[in-house]
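Structure first, commentary second.
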Protein chains: 2
Amino acid sequence: MTSEQFRRAGHDLIDWIAEYLEHAEDYPVLSPVAPGQVRQSVEQPLPARGEAWQAMWDDFIAHVIPGITHWQSPNFFAYFPANGSYPAILGELLSAGLGVNGMLWSSSPAVTELETFVLDWLVDLLDLPAHFRGSGVIQDTASSSSLCALLCGREQALEWQGNDIGLGAVGQRLTIYTSDQAHSSIEKAAVIAGIGRQNVRLVRSDETGAMIPAHLSELIVADRAAGCLPSFVSATMGTTSSLAMDPLAAIGRITSSERIWFHVDGAMAGTALACPEFRRIADGLESADSFCVNPHKWMLTNFDLDAFFVRDPHRLTRTLSILPEYLRAAQSDEVINYRDWHIPLGRRFRALKLWFVVRSFGIEGIRTHIREHVRLATVFERWIADDPRFELVSPRSLNLVCFRLKAGDDPSERLLHALNRSGRMHLTHTKLGGRYALRLCIGQPRTREEHVRSAWALIRETAGQVLGEES
Amino acid sequence: MTSEQFRRAGHDLIDWIAEYLEHAEDYPVLSPVAPGQVRQSVEQPLPARGEAWQAMWDDFIAHVIPGITHWQSPNFFAYFPANGSYPAILGELLSAGLGVNGMLWSSSPAVTELETFVLDWLVDLLDLPAHFRGSGVIQDTASSSSLCALLCGREQALEWQGNDIGLGAVGQRLTIYTSDQAHSSIEKAAVIAGIGRQNVRLVRSDETGAMIPAHLSELIVADRAAGCLPSFVSATMGTTSSLAMDPLAAIGRITSSERIWFHVDGAMAGTALACPEFRRIADGLESADSFCVNPHKWMLTNFDLDAFFVRDPHRLTRTLSILPEYLRAAQSDEVINYRDWHIPLGRRFRALKLWFVVRSFGIEGIRTHIREHVRLATVFERWIADDPRFELVSPRSLNLVCFRLKAGDDPSERLLHALNRSGRMHLTHTKLGGRYALRLCIGQPRTREEHVRSAWALIRETAGQVLGEES
């Protein structure tokens with residue numbers, strides 16, 4: 001592809017993306033393809049010679065697009081959002097064009113310095129504790145941040161010897177603690193780090209889904225009595241099922257007195273801290289050793305970009321630093337080398353897109369975006385409460401409403417599948433207190449009240465069919 | 001930013017990237033900024049209101065560009081390359097525009113199916129063993145692939161119980177094996193997985209930097225005798241220091257008879273397998289349980305994209321699968337859910353860029369690209385051999401030449417720093433057999449013979465100055 005061909009294809013692609021995002025609602029939200037269908041349609045022998053862009057583009061439109069579930073549709077209410085914005089897309093494009101690897105400060109100083117700077121902006125924007133200033137790093141996802149935090153906790157509990165001798169030589173079970181509503185990545189991190197599933201203690205949660213601190217204390221005491229080594233507590237600021245908020249202050253008092261690493265996973269809800277009226281969910285965050293939030297969920301920054309903050313970065317680098325000769329650089333003592341702050345060695349220039357987003361929207365733009373989603377969720381919650389066939393399964397939290405048909409699990413599940421099959425909206429489900437629940441999460445920048453209203457009309461109509469009423 | 005503003009800024013940005021890549025050699029290769037300089041120049045208070053694109057763009061040019069080390073410059077000979085191409089950039093842009101998360105098959109079936117398909121193309125292109133067909137996954141970097149492989153080895157050695165009971169309950173040291181020339185990510189993975197640095201056995205390498213299999217056998221026998229549990233062997237197809245090739249067949253015979261997981265790290269050199277004349281380096285790869293190669297190094301696909309292949313994916317998913325209710329999907333048994341194949345949960349649509357690259361270049365285009373770099377390295381090697389002031393520190397391997405001044409370590413190091421300070425080329429160093437060596441790695445698509453010739457002229461001239469000769 002020549003420079004001239006790239007320019008033409010690039011301009012067309014920019015225009016296509018603008019068109020796509022403006023009209024994403026015209027596509028069926030959940031891809032309707034059958035397993036194997038996309039592969040079958042793109043299958044061709046490895047090409048001996050290069051092909052023209054147009055051939056690839058035609059195949060993309062014909063064969064790939066049908067296999068896309070449209071996360072950017074205003075009718076996407078599933079999981080948590082992975083929203084984006086024009087400035088973020090430009091940041092990603094620019095990063096791809098520069099093609100630099102910021103593994104070391106010297107391998108592109110701007111990658112490191114802009115990253116530390118823009119994460120300090122997040123400390124301001126989200127009113128995070130001051131001890132997170134200057135100690136942020138961009139990770140791919142909250143899963144990776146939680147793993148890094150858990151490794152710090154593991155090593156702190158072992159007085160930083162586990163790195164060296166290995167857990168097999170410790171001869172003691174390490175235990176970690178998170179609520180029964182925590183994200184699966186915590187258990188995954190425990191498996192990766194050699195802690196083991198059996199040593200993941202699931203602290204009971206209350207009826208809202210929030211961790212019960214008294215149970216955390218009980219578990220720690222029992223584990224110590226049994227000869228285990230409690231090493232890590234992960235609290236959730238906004239659980240995946242119901243956006244429940246663990247009581248950070250009470251948990252922090254326990255971790256402080258027990259001297260256990262305290263991580264807070266604010267992957268989704270952390271963005272809400274941009275609005276002063278929602279900051280009560282961060283009460284107690286000042287006792288956290290580490291914290292993560294995903295601008296790639298609700299802060300208009302396309303996937304992937306997780307921001308991880310650690311009180312004492314030396315704890316992290318002590319755990320992850322390996323320094324071979326070929327990576328020795330002159331400035332090692334006076335600069336940050338982010339390669340020691342996460343699992344991979346290499347790293348993209350991801351700070352660019354967050355820099356563009358924060359500057360393009362400003363504090364006010366980001367707050368308006370969050371507040372509108374919360375407002376729409378409040379409206380939807382009222383509709384649910386007012387319809388006698390439906391019930392809320394947990395209190396609305398921020399932009400998430402969990403609801404079901406009073407008629408039970410089975411009709412609720414049939415309702416979900418019928419809605420998703422319609423192509424007109426996409427929802428996912430969970431179980432809360434053993435009961436099947438539909439989750440409606442509002443997080444797309446283009447979701448307006450009319451979309452939520454249409455969704456509600458479709459839900460009511462489909463519920464009528466499911467319940468065997470005449471619609 | 002409106003749709004119209006995005007189009008205008010996007011077109012300009014596409015044009016800028018084309019200009020940048022065509023003229024990357026005009027910039028000083030290694031950024032000359034001092035620590036803190038970029039941060040100081042971008043520092044401003046968190047903006048209350050949104051700013052216009054032009055303001056950000058002006059700051060990018062004025063403050064970020066000076067802090068960039070230009071990996072896409074034809075005069076970048078440092079580390080290993082992170083090369084890219086126009087079709088790859090378009091793929092990254094398209095992925096950012098679609099903004100989908102392929103964590104589950106159903107969360108965008110095309111993400112999963114195109115990925116499995118295009119990795120099967122790599123099996124064809126690189127003539128990989130047939131047991132890697134249908135079992136590839138894209139990871140961010142080789143560090144993450146190696147960690148996943150090590151976890152499989154750990155669990156296999158523990159008969160898949162470590163996941164559950166944790167290493168602390170095993171009460172036995174697990175050991176892993178790699179050469180003293182292996183990448184730092186192997187030791188990092190051992191630390192993360194709870195194996196411990198002390199249990200990383202560094203197998204001696206020969207004078208070319210290749211692992212000595214007899215020493216591997218000795219270490220395993222000694223560890224078993226001492227009550228340790230050998231669990232993982234990682235061989236390198238192209239070491240970071242000198243692109244040395246571990247003897248895979250001999251190593252594979254040992255891992256097979258010892259029943260130890262055998263991983264092969266072909267991050268850099270794996271791309272050379274596209275050319276039949278270089279395939280001897282893969283002799284024995286058929287005994288590997290897992291293999292990784294980074295198209296983001298030498299296959300024209302911008303960072304990040306590592307391709308990881310595992311003989312039996314069930315081993316991987318058995319290690320990494322955690323299935324909470326909110327991720328249960330109808331098709332779980334008949335499709336791949338890649339979230340269980342790596343550390344993170346969420347995932348970008350990275351297959352697009354590799355699909356575009358392979359189709360745009362075709363087999364011939366990729367081979368031409370590799371062969372030209374190897375040819376240029378051969379030319380450079382001859383120049384080194386013909387100049388009495390210089391010596392080769394190891395045999396040239398593929399596109400990498402390691403050399404030094406015969407005058408010793410100190411003049412060689414001064415030569416390196418002087419060359420990097422010039423801004424006209426960028427090299428990095430290593431130590432081989434205890435001796436300081438400069439590494440010249442040729443991997444940029446725009447590096448032509450004239451660039452290597454100019455680099456050599458500059459090296460000779462600078463060497464003259466360093467050696468105190470009149471130039």
Looking only at region A:170-219, and only at residues there that are touching a Cys at 6+ places or on another chain (Cβ under 9 Å) and of a type in the set (S, T, N, Q), the one that is nearest to B:Leu151 (Cα to Cα) | A:Asn199
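Any chance region A:319-335 includes a residue that's surrounded by fewer than 24 Cβ atoms within 10 Å (Cβ to Cβ), under 30 Å from A:Leu90 (Cα atoms) and either of a type in the set (A, V, I, L, M) or touching a residue at least 40 places away in the same chain (Cβ under 8 Å) (or both)?
Yes, there is a match, as at least one residue in region A:319-335 is surrounded by fewer than 24 Cβ atoms within 10 Å (Cβ to Cβ), under 30 Å from A:Leu90 (Cα atoms) and either of a type in the set (A, V, I, L, M) or touching a residue at least 40 places away in the same chain (Cβ under 8 Å) (or both).
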Among residues of region B:3-38 being β-branched (Val, Ile, Thr) and facing chain A (nearest Cβ under 8 Å), the residue nearest to A:Ala88 (Cα to Cα) is B:Ile14
Kindly check whether there is at least one residue in region A:52-66 that is more than 8 Å from chain B (Cβ to nearest Cβ), under 30 Å from A:Ser241 (Cα atoms), part of a helix (DSSP H, G or I) and open to solvent by less than 30 Å² (accessible area, probe 1.4 Å).
-> no
What number of residues within region A:107-121 are more than 7 Å from every other protein chain (Cβ to nearest Cβ) and surrounded by fewer than 24 Cβ atoms within 10 Å (Cβ to Cβ)?
-> 2
What about B:Gly91, is it outside the structural domain of B:Asp283 (by TED's automatic domain parsing), within 21 Å of B:Gln444 (Cβ to Cβ), over 20 Å from the mean Cα position of the chain (by Cα) and open to solvent by less than 10 Å² (accessible area, probe 1.4 Å)?
-> no
Do we find a residue being open to solvent by 10 Å² or more (accessible area, probe 1.4 Å) and more than 8 Å from chain B (Cβ to nearest Cβ) anywhere in region A:75-87?
-> yes
Taking region A:39-51 and keeping residues in a helix (DSSP H, G or I) and facing chain B (nearest Cβ under 7 Å) leaves A:Arg39, A:Val42
Please work out if A:Ile14 is touching a residue at least 40 places away in the same chain (Cβ under 8 Å) and under 27 Å from A:Arg350 (Cβ atoms).
-> no
State whether the residues of region A:372-388 include one that is open to solvent by 10 Å² or more (accessible area, probe 1.4 Å), at pLDDT below 95 and among the charged types (D, E, K, R).
-> no
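So, A:Gln139, is that one surrounded by fewer than 24 Cβ atoms within 10 Å (Cβ to Cβ), touching a strand residue (DSSP E or B) at 6+ places or on another chain (Cβ under 6 Å) and touching a residue at least 40 places away in the same chain (Cβ under 8 Å) or not? Steps first, answer last, please.
Working: surrounded by fewer than 24 Cβ atoms within 10 Å (Cβ to Cβ): no; touching a strand residue (DSSP E or B) at 6+ places or on another chain (Cβ under 6 Å): yes; touching a residue at least 40 places away in the same chain (Cβ under 8 Å): yes.
So A:Gln139 does not fit the description; no.
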Within region B:207-318, which helices (runs of 4 or more DSSP H) (wholly inside it) include 1 or more residues that are without any contact (Cβ under 8 Å) to a residue 24 or more places away in the chain?
-> B:213-225, B:248-258
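Taking A:Ser73, is it out of contact with any strand residue (DSSP E or B) (no Cβ under 8 Å at 6 or more places or on another chain) and either at pLDDT 95 or above or polar (S, T, N, Q) (or both)?
Working: out of contact with any strand residue (DSSP E or B) (no Cβ under 8 Å at 6 or more places or on another chain): no; either at pLDDT 95 or above or polar (S, T, N, Q) (or both): yes.
Answer is no for this residue.
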Answer with yes or no whether A:Ser179 is more than 7 Å from chain B (Cβ to nearest Cβ) and buried (at least 24 other Cβ atoms within 10 Å of the Cβ).
-> yes
Among the residues of region B:407-432, count how many are open to solvent by 30 Å² or more (accessible area, probe 1.4 Å) and either farther than 26 Å from B:Ala182 by Cα or not charged (D, E, K, R) (or both).
-> 6
Applying the selection to region A:422-468, what residues are on the phi > 0 side of the Ramachandran plot and either among the hydroxyl-bearing types (Ser, Thr, Tyr) or touching a residue at least 60 places away in the same chain (Cβ under 8 Å) (or both)?
-> A:Gly423, A:Gly433
Which one of these does A:Glu187 not meet: (1) buried (at least 24 other Cβ atoms within 10 Å of the Cβ); (2) within 18 Å of the chain's Cα centre (by Cα); (3) within 28 Å of A:Thr317 (Cβ to Cβ)?
-> (1)
What pairs come up if the first residue lies in region A:351-363 and is at pLDDT below 95, the second is surrounded by fewer than 24 Cβ atoms within 10 Å (Cβ to Cβ), and their beta carbons are under 6 Å apart, counting only those six or more places apart or on different chains?
-> none
Residue list for region B:142-165, filter: open to solvent by 10 Å² or more (accessible area, probe 1.4 Å) and free of Cβ contacts under 8 Å to residues at least 40 places away in the same chain | B:Glu159, B:Gln161, B:Asp164, B:Ile165
Taking B:Glu19 as meeting all but one of (1) open to solvent by 50 Å² or more (accessible area, probe 1.4 Å); (2) in contact (Cβ under 8 Å) with a residue 24 or more places away in the chain, write down the number of the exception.
-> (2)
Within region B:258-288, can you find the residues that are out of contact with any Pro (no Cβ under 7 Å at 6 or more places or on another chain), more than 15 Å from B:Arg371 (Cα to Cα) and either surrounded by 24 or more Cβ atoms within 10 Å (Cβ to Cβ) or of a type in the set (A, V, I, L, M, F, W, C) (or both)?
-> B:Trp261, B:Phe262, B:His263, B:Val264, B:Asp265, B:Gly266, B:Ala267, B:Ile281, B:Ala282, B:Ala288
What are the pairs, 6+ residues apart or on separate chains, where a residue within region A:86-102 that is more than 23 Å from A:Glu19 (Cα to Cα) has its Cβ under 6 Å from a residue that is open to solvent by less than 10 Å² (accessible area, probe 1.4 Å) and in a helix (DSSP H, G or I)?
-> A:Gly102/A:Val111; A:Gly102/A:Thr112
Quick one: A:Arg315 ticks every box in (1) within 14 Å of chain B (Cβ to nearest Cβ); (2) under 30 Å from A:Tyr79 (Cα atoms) bar one, so which box is it?
-> (2)
Report whether or not A:Val100 is β-branched (Val, Ile, Thr), within 9 Å of chain B (Cβ to nearest Cβ), under 23 Å from B:Glu92 (Cβ atoms) and assigned to a loop (DSSP other than H, G, I, E, B).
-> yes
How many residues, within region B:289-313, are out of contact with any strand residue (DSSP E or B) (no Cβ under 9 Å at 6 or more places or on another chain) and farther than 23 Å from B:His369 by Cα?
-> 1
State whether one or more residues within region A:124-133 are more than 10 Å from chain B (Cβ to nearest Cβ), free of Cβ contacts under 8 Å to residues at least 24 places away in the same chain and over 19 Å from the mean Cα position of the chain (by Cα).
-> yes
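The values are calculated or read from the model by the stated rules, or taken from the named source; none is laboratory data. Source: prediction; values computed, not measured. Reconstructed Cβ throughout: ideal geometry from the backbone, glycine too, with neighbour counts over all protein chains shown. These area figures cover heavy atoms from the full protein model, side chains too; ligands, DNA and RNA do not enter into them. Shrake-Rupley method; radii C 1.70, N 1.55, O 1.52, S 1.80 Å.
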